[in-house]
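Have a look at the structure below before the remarks.
The values are calculated or read from the model by the stated rules, or taken from the named source; none is laboratory data. All values derive from a computational prediction rather than experimental measurement. Here the Cβ positions follow ideal geometry from the backbone for every residue, glycine too, while neighbour counts run over all protein chains shown.
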């Protein structure tokens, strides 16, 4: 707030009578549009004053978090694993040194995913128009995408991809083009045509998924092995964090690779899976989240004597008892997960086994 703006605000407050100034009837005409008498009950004022404590807490926390983050990075190495369309980003922070960003996953990973995604895109393009021959709105998008598909097919041999992988991707692209041509010629998208296309592409897509996973995992395992060697004895005080959204939390690739090096005792202690609301996030946002987790642990230990208490919803335990009481009162069957101790080392994703397929291979 500038000095001039403060003066304007103060003058308006004085004129409007907020400080016990002149009564409203003495205001000049030009103040009429914005003037008015306000009233507040003692309860309103008291409630506002108490709620302001919580608002102020976040401001104080923000100031302290910047200091906490510096203290953490001055004492502990930190590895951030961030999702990206290029197969992820790994960044190593070492005390007293600039951050080190690992080399990207070989570009063949992106090529495999791009071809696979192009096939999945067919379902997105045609989905709203299946068995609806009167609506031709899809034709323009499909014709434009077909041109791109043909360009990709024409240049496939020049890409850095081994021969057998290239053959698989050539088949995928040709099948895509054939499907589009069939739909464009017919001027319609029968479900039977779409279903046959999906079944034809499935085994080819499965190979691309497997090869992309192998490429990504081999790369990051190599990076992590090198960094763990570099850190030496400091490894045992290193923190790690990876981000995820809902659909990527199960079998999260980067987190799973990190876990192989951090080991089971570090999970949820020094190695965290942090949920975010989009596929990509920034290193600064990840560091801020990691800082808050670590700082809150000290608060939990200070007030309750439990270092990992604040890793959990603080009211969750009492709310659990309240849910049990409320469901009993309503004649309902309580449905809650089992209690787990603070500081649990279990994977931060689904771990309960059960019937049904769990991999693409299982679907066969």
With the requirement that a residue be buried (at least 18 other Cβ atoms within 10 Å of the Cβ) and closer than 14 Å to residue 284 by Cα, what does segment 90-107 give you? 90, 92, 93
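Got a sec? Which of 190, 160 is in contact (Cβ under 8 Å) with a residue 40 or more places away in the chain, in the same structural domain as residue 133 (by TED's automatic domain parsing) and under 27 Å from residue 84 (Cα atoms)?
Working: 190 fails: under 27 Å from residue 84 (Cα atoms).
When all the criteria are applied, what remains is 160.
Which one of 260, 250 is in contact (Cβ under 8 Å) with a residue 40 or more places away in the chain, assigned by TED's automatic domain parsing to the domain that holds residue 287 and within 29 Å of residue 100 (Cα to Cα)?
On the way: 260 fails: in contact (Cβ under 8 Å) with a residue 40 or more places away in the chain.
250 is the lone residue from the list that is in contact (Cβ under 8 Å) with a residue 40 or more places away in the chain, assigned by TED's automatic domain parsing to the domain that holds residue 287 and within 29 Å of residue 100 (Cα to Cα).
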Inside segment 79-104, can you point out the residues that are over 20 Å from the mean Cα position of the chain (by Cα) and outside any strand (DSSP E or B)? 94, 95, 96, 97, 98, 99, 102, 103
